[in-house]
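K.L.:
After the structure tokens below, expect a handful of questions from me.
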There are 2 protein chains.
Amino acid sequence: MTPANLSPNANESRCHSGFHLSRNTPAGGLRARLLALTLAALALCAPALPASAQPTGDLGLVVERASGSLLVVDQSDRASIGRITGLGDLSHASLVYSPDEQFAYVFGRDGGLSKVDILAQTITARVMQAGNSIGGAISDDGRFVAVSNYEPGGVRVFDADTLEMVADIPTGSKTIGLVDIPGTRFVFSLWDTGETWIADLSGETPQITRIKGMGTNPYDALVTGDGRTYIAGLFGEDHLSALDLWQEHPEPQVILPSYAKGREGLPVYKMPHLEGWALAGQDFVLPAMGQHEVLWVDARSLQETGRTTTHGQPVFAISRPDGRYVWVNFAHPLNDTVQVIDSVTKEVIHQFTPGPGVLHMEFTPRGHEVWLSVRDAGKVMVYDTETFEKLGEIAAESPSGIFFTARAHRMGL
Amino acid sequence: MTPANLSPNANESRCHSGFHLSRNTPAGGLRARLLALTLAALALCAPALPASAQPTGDLGLVVERASGSLLVVDQSDRASIGRITGLGDLSHASLVYSPDEQFAYVFGRDGGLSKVDILAQTITARVMQAGNSIGGAISDDGRFVAVSNYEPGGVRVFDADTLEMVADIPTGSKTIGLVDIPGTRFVFSLWDTGETWIADLSGETPQITRIKGMGTNPYDALVTGDGRTYIAGLFGEDHLSALDLWQEHPEPQVILPSYAKGREGLPVYKMPHLEGWALAGQDFVLPAMGQHEVLWVDARSLQETGRTTTHGQPVFAISRPDGRYVWVNFAHPLNDTVQVIDSVTKEVIHQFTPGPGVLHMEFTPRGHEVWLSVRDAGKVMVYDTETFEKLGEIAAESPSGIFFTARAHRMGL
């Protein structure tokens, strides 16, 4: 939505009105110059009112992996509004947002942790916190940012304001599947020992709970949107493991036993991203590793309820926020295609080919649009999720992950 | 499960379980100093942002009913940052947010519809759209704001930018229970005829689907967070009615039949707010009308699964966002008290008395805090939802509804 001008009279000396004008200017370069002028004018105005007219609720960041930059996007205008550079190695990068939706914490594969300001479009702090890291999370109260590391194996926790390290939790193992849960807690798993740990940071010192017996080589994990069920994918087993975190003493539960039994595994071009698992109606839907299918699991009993054959090996299987439809992208060489599955009938209802290298999909918070990163086309493409009509596209340099600021308000990311 | 406590000895840099807490160690101090230097260096490079730059992700509005004003609050700072006046009759007022979290649409009982800018803290548009209205909603794409009216009976739809009326849907009845669902659609119910209508605004002209037989005198309704199940409370029946909106032809389904049978109804001091119904674990929890209890209904089967006796007649029964706990406030004269119910055991685990006239409760988006309007104390009070510790309070004039901007990203409000 284009913000309405606050005053019908463009000459009225409201310090924020110039910003609206600059946002609506079509040419990017001109817009940037106008923005600079506007910001200068704002500084001179020193108004009593909060003067920046840039709300943050509909912004987002797109990871540009090849150039180590982030494209700042405006969801309502379906446009890019800036770029933040100098973020190092952004292959497999992910990020989380501060509760106010002003700051993003970017987790680079190279161990870099960067704090960026989406309003100022700058890096405000950056630390190399490990040699090889694999994602992070922010605590429910926004005070702590945690990163899970391969090298050295463990989790490090940082003050969200300053990026000062406040806790170091070595695990003696590559550490994966880090998520936040309520109560200023984080959950993560250990590749080498098959354990899941819960770190409670609500008090003066971290309290750690260790849960053994999750299975051989957990490689990724997710927690459900309510923070209750933690599910780990296992590289060394033909099943998954789940924990009910609402129990006082959570015990690992085997789910989907022998889900690939009797079938020759296809080569795994790309490990499925378990963060893509999602609740779709009464089921979770998840990509089957090494198979051309997605699996449906009853959210309550954790029993398999069905399988849907797909175009290729699924990478992400993501529910539209209402759970009515599931969108799936695929591993190389079939990664030019997207399929849409009806979560009631479990049938593919739509298939299309956005372009080469569809790497990620992000829904607007209430699901009316989906944004796709089409890496080798150098574009982010926007589609209507009801009509499947293409609504727009945005130039981007080798785009991968797309992250809207609404994630600030969700658990378990 | 063995919680691994850190060593109580602050001089020991490592505890027996191998954890390292940098903030208690010299190494941590060094790190902090190095980081401070890094930040100082970065600060020199960063372009100046207006000092008053204000992100919108953690803001909120508190309805001040007696004075017809809105208090602007900052969730992270637990503070008020301004006041917007001139909104007319705000008794029973509610509001929704634009997708960018800059604008709120305020629905007054007197038929006033106001658009306010939370950054500029001003009213940008205001229309008297009916004589007596009862709440509204914003479409999933943010284009349309709809209001349900008693007088004249029906729904009116407005352009979210301009507040120009774009559709008038007379129903010949008092109209209640208006909610948004995916697909640029609204659902609402008719007090006089017991019908529920679905209005689809995705095309050039509104398409209306009428569903008959919901029951006598629906007085309020809700839709579940996924936009799938619409449940109407009935003034003239001893049950509720539900619709599965994912069906091609939704049929009313009776739920909680005879839930008050054989018990003399207590006087209804205040009709429960069905928007307060919420998913708590596997159940919906809802206030029983005229009784001192909340009812639990299986979210899948819609069968009753339990009742919890409460301190008084519940007004709101609201789940913490993760569903683990349900917070309940009560009708006059017991409205100085709040109870907290565990959604697993269905037992009251905490009760306290914030003060006279607890009218509303709003959780931070990830549930670490709850904000309470305590009308007759003239305060909004903030509590930690894990420890129940009071964290702060904010002066407000007869506060009622509290609305955080994160609502912009949720369906069915």
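What follows is calculated from the coordinates using simple rules that are stated; it is not laboratory data. Please read these numbers as outputs of a predicted model, since none were measured by experiment. Using ideal geometry, Cβ is built from the backbone for each residue, glycine included, and neighbour counts are taken over all protein chains shown.
K.L.:
How big is the gap, in Å, between the Cα center of the range B:144-161 and the Cα center of the range A:57-132?
P.N.:
With the range B:144-161 and the range A:57-132 each reduced to a Cα centre, they are spaced 40 Å.
K.L.:
If we count other beta carbons within 10 Å of each Cβ, what is the order of A:SER76, B:SER133, fewest first?
P.N.:
Least to most surrounded, the residues fall as A:SER76, B:SER133.
K.L.:
Still on this structure: So how far apart, in nm, are the two label points at B:THR387 and B:ILE81 if each is 7 Å from Cα heading toward Cβ?
P.N.:
2.5 nm
K.L.:
Quickly rank A:314-325, B:156-167 as a protection proxy: mean count of other C-beta atoms within 10 Å, highest first.
P.N.:
Details: A:314-325: 24.7, B:156-167: 18.1.
Put in order of decreasing packing, that is A:314-325, B:156-167.
K.L.:
What number comes out for the charge environment of B:VAL370, summing +1 per Lys or Arg and -1 per Asp or Glu over other residues with Cβ under 10 Å away? Spell out each step's value before the answer.
P.N.:
Working: positive: B:ARG320; negative: B:GLU362, B:GLU369, B:ASP384.
Once positives and negatives cancel, what remains is -2.
K.L.:
Lys and Arg at +1, Asp and Glu at -1: add these up for the other residues within a Cβ distance under 13 Å of B:GLY281 and post the number. Before the final figure, lay out the partial values.
P.N.:
Details: positive: A:ARG228, A:ARG300, B:ARG300, B:ARG320, B:ARG324, B:LYS346; negative: A:ASP226, A:ASP244, B:ASP283, B:ASP298, B:ASP322, B:ASP342.
Surrounding charge for B:GLY281 is 0.
K.L.:
Summarise the partner chain shielding of B:401-411 as one whole number: the mean count of Cβ atoms from other chains within 10 Å of each residue's Cβ.
P.N.:
Rounded to a whole number, the mean comes out at 4.
K.L.:
In the structure shown, do any of A:LYS346/B:LYS212; B:LYS212/B:LYS346; A:LYS390/B:LYS174; B:LYS346/B:LYS379 have a Cα-Cα gap over 32 Å, and if so which?
P.N.:
B:LYS212/B:LYS346; A:LYS390/B:LYS174
K.L.:
Alpha carbon centre of the range A:306-382 versus the range B:344-413: separation in Å?
P.N.:
39 Å
K.L.:
Can I ask one more? Based on the mean of other Cβ atoms within 10 Å per residue, sort peptides A:249-259, B:97-107 so the most packed one is first. Before the final figure, lay out each step's value.
P.N.:
Values: A:249-259: 14.9, B:97-107: 26.5.
Ranking the peptides A:249-259, B:97-107 by packing returns B:97-107, A:249-259.
K.L.:
Another question, if that's okay. State, to one decimal in nm, how far the label point of B:ASP244 lies from the label point of B:THR353, with both points 7 Å from Cα in the Cβ direction.
P.N.:
Label at B:ASP244, label at B:THR353, 4.8 nm between them.
K.L.:
Counting only other chains, and only Cβ atoms inside 10 Å, what mean value do you get across the residues of B:64-77?
P.N.:
1
K.L.:
On average, how many beta carbons from a partner chain sit within 10 Å of the beta carbon of a residue in A:99-107?
P.N.:
Average neighbour count from other chains, rounded to a whole number: 4.
K.L.:
Mind listing the long-range amide H neighbours of A:LEU391? Cut-off is under 5 Å, sequence gap 5 or more, other chains count too, H placed in the peptide plane at 1.01 Å from N.
P.N.:
Here the answer is A:VAL382, A:TYR383, A:ASP384, since their amide H atoms fall under 5 Å of that of A:LEU391.
K.L.:
Ranked highest first by the average count of other Cβ atoms within 10 Å around their residues, in what order do B:342-348, B:200-206 fall?
P.N.:
Answer by packing, highest mean first, reads B:342-348, B:200-206.
K.L.:
Please give the contour-minus-distance gain from B:SER301 to B:HIS332: 0.36 nm per residue of separation, less the Cα-Cα distance, rounded to one decimal in nm.
P.N.:
Difference between extended and current length: 7.8 nm.
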